[in-house]
Structures are given as structure tokens and as C-alpha cells.
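The values are calculated or read from the model by the stated rules, or taken from the named source; none is laboratory data. Values in this document were obtained by computation on a predicted structure and should not be read as measured data. Don't worry about glycine lacking a Cβ; one is built from the backbone with ideal geometry, like all the others, and counts go over all protein chains shown. We work out accessible area using only protein heavy atoms, side chains counted, and drop any ligands, DNA or RNA first. Shrake-Rupley method; radii C 1.70, N 1.55, O 1.52, S 1.80 Å.
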Amino acid sequence: MSTKFRTIFISDPAFEQGNLRLITVKSENLKGRNDISVYVPEDRSLKDLPVVMLLHGVYGSHSAWLYNAGIHQKMDSWIKNGEIKPMVLVMPSDGLWGDGSGYLPHSGFDFEKWIVEDVIAATHEMIPQVSTKSDIFISGLSMGGFGALRLGAKYGSVFKAFSGLSSITHLDQMKMFIEEDVTLMKQESVIEHSVLETLRANKGNYGPFRFDCGLDDTLLPANRELHQQLQENNIPHLYEEFPGGHEWSYWAKHVFRSINFFNNQ
């Protein structure tokens, strides 16, 4: 089989549990190896399954959604109960730069192309249930919400729909979470720093999207402002608020809304 990568490695099915697979791939964009956790529905005979990419927030990695939200167990239950159609979940590392890469190109690495090109290519190569016919969706929390909303808008030809939970809406908000100098992450175009400006710049070229935030979240004012600005710019979207803070108990509960949003596309 031809491959995009110099090296790509996948877990042995004999030792996998919870319908999970682990891909380790050497990426030119990251100048090294990184991991991708993948949830594949139990019925391995299914083909052309939709793919939902879940991006983690600061401090986390490819396993964050598994061991802080039990997303694989939730998917098993939702599929079994008929709430969600079978889907593949792809959960990549962000590239492991500092406390969080922001899913942007900087510091000699392209964390954006890692997500948009490498992770998708690795999934196509290593997961037989996924093909070029598979719809691809993207969601994430906090820093991952920033990545999902920005990349979903910028790469409308790649992602059919997108969603954010408790999202950072502007790069400057990374200062609230990381110790690294945010100026190291700055882009030539300030459009790349803002979810709003990315949505405005690509208006008409992306699919439906939603985002939500907790009523006790420190990012609530920023999410409310984004919602208002989108209304003022006549950009269709779904915005919701629920009880909760910037915490895993909120994301574990409300990630269903993102998955179901994609399920209904």
C-alpha cells in the first residue's frame, strides 16, 4: 500500500480494547512522530463511515477525550440505542508544543496542516471503514474549539460541518491558559487570529456550524460576543448556553450535541 508518510504504525487488533485503535505517524509538518486515537464502531464490516475529528484543549493530548469524557463508551451506547448512526471518531494530538499549539502554523511547525492534511490521510490509510466517500466533521473544546471553528470555516471543502465547545474565539485568549509567549503563535494575517474574521473571510464557503458555552465559563463573554457579531454579519449558526463551567463534566455531557448535530447533516 502506498503511503503519504515515511513511517506509520497502528495498534495490533489482538490487544485493542473499547473499539479503539492507536495510530502513530511521522509527520513532516511536525518534524517527528505524533499519535492519533481512533474509535471505530464495533461492526467492522461497515464502509464509508462519517468521520468526526475531536480536538482537545490545552494540556491534553490524543487520549484526552477518552480518559476524561469516556467518549468511546458514550459512542458505543449512542450507536447501540440508535441515537447516533455509526461514526468513526478521530482524536489527534495537537502536536504537543508547549501547553498547547493552537492548531496554527508557528515555531517551525505546521500544526494546522498536521490536522487538515496528515491526520485525515492517516485515517484514510489505516482505517478500512473510512474512504474518500466519508463525510468529515470537526469539533473541539476550548483551544480545540478555536481550532475546530477556525479550520472548519477555512477548509469548507474538507469539513462538512463543525462545532465548538467552550471555545477560545481569539488567539489572545490563549494567554489565559498557557505559559508560553502567545506572540510566538502570531500569523502574518490577523484574520487567522480570530474565529469571527475567519468566518467572515470565508463566508459562503463552509457548511453549517454550532457552538456552545457554559454559564459559569470564563470564556462565556467571548462566546456571547461572537454570537452577537455573527448575527450582525448575517452569518447563520446555532449558539447555545448550558449550566456548567470550563470543565470536563460540561464537555462530557454536551459533546453529544455536537455529535448529534453532525448526525443530522
Problem set entry | Loop trypsin sites (Lys or Arg not before Pro), the range 154-221, which have at most 16 other Cβ atoms in a 10 Å radius of their Cβ (DSSP) | K186, K203
Seminar exercise, completed: Rounded to a whole %, the carbon-and-sulfur portion of the accessible area of the range 63-208 at a 1.4 Å probe is 48
For this session: Please tell me which of these pairs span more than 24 angstrom C-alpha to C-alpha: K74/K203; K4/K133; K113/K186?
Result: K74/K203
Exercise. For the chain, how big is the tail of P(r) above 31 Å, as a whole percent of Cα pairs?
Worked result: 19
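Once fully extended, how much extra length lies between K175 and W248, figured as 0.36 nm per residue of separation less the alpha-carbon to alpha-carbon distance?
Numbers: separation 73, 0.36 × 73 = 26.28 nm, distance 2.02 nm.
Gain in length upon complete extension: 24.3 nm.
Placing +1 at every Lys and Arg Cβ and -1 at every Asp and Glu Cβ, with all other atoms neutral, what dipole size does the range 8-264 have around its Cα centre, in debye to the nearest 20?
Working: 22 positive and 32 negative charges, 137 e Å.
Its charge dipole is roughly 660 debye.
Full-extension gain between L46 and K186, please, as 0.36 nm times their residue separation minus the C-alpha to C-alpha distance. All intermediate terms of the calculation are to be shown ahead of the outcome.
Details: separation 140, 0.36 × 140 = 50.40 nm, distance 4.23 nm.
Once the chain is fully extended between L46 and K186, it gains 46.2 nm.
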For this session: Would you give the gap between the C-alpha center of the range 1-78 and the C-alpha center of the range 130-162, rounded to a whole Å?
Result: 16
Problem set entry | Helical mean residue ellipticity (222 nm; -39500 (n - 2.57) per DSSP H run of 4+; nearest 500) of the chain | -8000 deg cm²/dmol
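Given contacts defined as C-alpha pairs under 8 Å and at least six residues apart, what's the relative contact order of the range 131-265, whole-number percent?
Numbers: 218 pairs, mean separation 33.8, N = 135.
So the answer I get is 25 percent.
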Exercise. With each label point set 7 Å from Cα along the Cα-Cβ vector, what nm distance links E240 and D76?
Worked result: 2.5
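Excluding ligands, DNA and RNA, what is the solvent-accessible area per residue of the range 8-264 at a probe of 1.4 Å, expressed in Å²?
On the way: 10710 Å² over 257 residues.
Heavy-atom accessible area per residue stands at 42 Å².
Rounded, prolate or oblate for the range 33-186? Axes are the square roots of the Cα gyration tensor eigenvalues, ordered a ≥ b ≥ c, and the cut-off for rounded is a/c under 1.5.
Numbers: a/c = 1.98, a/b = 1.68, b/c = 1.18.
Prolate, because a/c is 1.5 or more and a/b exceeds b/c.
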Exercise. Label-point separation (nm) for L220 and H124, each offset 7 Å from Cα along Cα-to-Cβ?
Worked result: 4.3
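Any idea what the relative contact order of the range 8-264 is, in percent, if you count C-alpha pairs under 8 Å spaced at least 6 apart?
On the way: 515 pairs, mean separation 45.8, N = 257.
Relative CO of the range 8-264 lands at 18 percent.
Sort the range 219-265 into rounded, prolate or oblate with this rule: let a ≥ b ≥ c be the square roots of the eigenvalues of the Cα gyration tensor; rounded if a/c is under 1.5, and if a/c is not under 1.5, prolate when a/b is larger than b/c, oblate otherwise. Could the numbers behind the result be given before it?
Details: a/c = 3.67, a/b = 1.24, b/c = 2.95.
Since a/c reaches 1.5 but b/c is at least a/b, the shape of the range 219-265 is classed as oblate.
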